[in-house]
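The values are calculated or read from the model by the stated rules, or taken from the named source; none is laboratory data. These numbers were taken from a predicted model, which means no experiment stands behind them. Cβ sites come from the backbone with ideal geometry, for glycine too, and all protein chains shown count toward neighbours.
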Amino acid sequence: MKRAAFIFGILLFAAVISAAIATATWIFWEAWRGADRDVFKALLGGFSGAFFAFTFVRMADWLKRLADRLEKDHSAVMRIQHYLNDCLGITGDNIFVIDDFLAIVSEERLNSGIAPVYMNRFKQYPIDRDVLIDLSNVEFVNEIYWFNGSLRKLNDDLATADRAMDEATKTFIANPERFEESYIESMKRTRRRYAEVKGFLEQLSESAIRNLATSRLLIEHAPFSVTWVRLLTRRKYSKGFRAALPAQIAATKAEIEELRVQSNREISEALARSAKSGK
């Protein structure tokens, strides 16, 4: 049914165009055969003026649409940079929760019969699906789509881990003597589960850094009206892109490591000042 309607639409459009061409040809032919050539010149001049005016208006409209599309793409890549930085920050927080849990709820404490209660919980990742609509690069769209899928699955795993921790903690606090043994066993299983989750978080961090480096390269080679409309809307990475990507990933990691060291130094200085003031 849809195919028949499409064919009918094509035939109808062709018939209208044919009728218009035939009518215009007949009018010009009659004007040409007429004795008064001034009428023909006036008709030809009016038609030419209208034709070129229509052509330039449509061309300007097309160029504006193209420029707007490229500006949206450029803005979307910049939004993704902020988005990925947020995800990296949350990943760092979640890895800290795991490391802190493994340090406090250690195997030695659990084996000695001590049942420490841990109250820190994971942070959920925001998922920006709308930003994909404004992206033009198909490869980058696929990579961010895959990244969003990983975030969604990881959010489910983190929420499940938090619920399990909340239930075990609530039960233990309600009756420590009765549920201490089962709580300790639950914490041992949680340690193993958290170690697995940490592996996924580290993998996600690598993926976020790679996508961040990709977005930087895409931004780096942007507008002269977004570099001549991305050479008329090229949809693939350039030839030298993949060769330059590892260096950009390394530079991105170095910046992140520098910020981490600076943050740790500031925390150490704050703790030192706090210790001095407490004496």
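If we scan the range 111-132, do we find a residue that is free of Cβ contacts under 8 Å to residues at least 12 places away in the same chain and within 16 Å of the chain's Cα centre (by Cα)? Scanning the range 111-132, I find at least one residue that is free of Cβ contacts under 8 Å to residues at least 12 places away in the same chain and within 16 Å of the chain's Cα centre (by Cα), so the answer is yes. Against the condition within 17 Å of Trp146 (Cβ to Cβ) and modelled with pLDDT of 85 or more, how does Ala213 come out, does it pass? Considered against the rule, which asks whether it is within 17 Å of Trp146 (Cβ to Cβ) and modelled with pLDDT of 85 or more, Ala213 comes out as yes. Apart from one condition, Pro126 fits all of (1) at pLDDT below 90; (2) part of a loop (DSSP other than H, G, I, E, B); (3) more than 30 Å from Ile219 (Cα to Cα); the exception is (3). Starting from residues that are of a type in the set (Val, Ile, Thr), in a helix (DSSP H, G or I) and in contact (Cβ under 8 Å) with a residue 60 or more places away in the chain, keep the ones in the range 95-110 and report whichever is nearest to Met165 (Cα to Cα). The residue in question is Ile98. Test each condition in (1) over 13 Å from Ala208 (Cβ atoms); (2) touching a residue at least 12 places away in the same chain (Cβ under 8 Å) for Gln81 and report the one that comes out false. Exception for Gln81: condition (1).
Yes/no matrix, rows are residues, columns are (1) among the polar types (S, T, N, Q); (2) free of Cβ contacts under 8 Å to residues at least 12 places away in the same chain; (3) within 19 Å of Glu202 (Cα to Cα):
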{"residue": "Arg152", "(1), (2), (3)": "no, no, yes"}
{"residue": "Asp156", "(1), (2), (3)": "no, yes, yes"}
{"residue": "Arg163", "(1), (2), (3)": "no, yes, no"}
{"residue": "Ala168", "(1), (2), (3)": "no, no, no"}
{"residue": "Phe172", "(1), (2), (3)": "no, no, no"}
{"residue": "Arg178", "(1), (2), (3)": "no, yes, no"}
{"residue": "Ile184", "(1), (2), (3)": "no, no, no"}
{"residue": "Met187", "(1), (2), (3)": "no, no, no"}
{"residue": "Arg191", "(1), (2), (3)": "no, no, yes"}
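Here Asp157 meets the list (1) at pLDDT below 90; (2) assigned to a helix (DSSP H, G or I); (3) of a type in the set (Asp, Glu); (4) in contact with a helix residue (DSSP H, G or I) (Cβ under 8 Å, 6 or more places away or on another chain) almost entirely, failing just condition (1).
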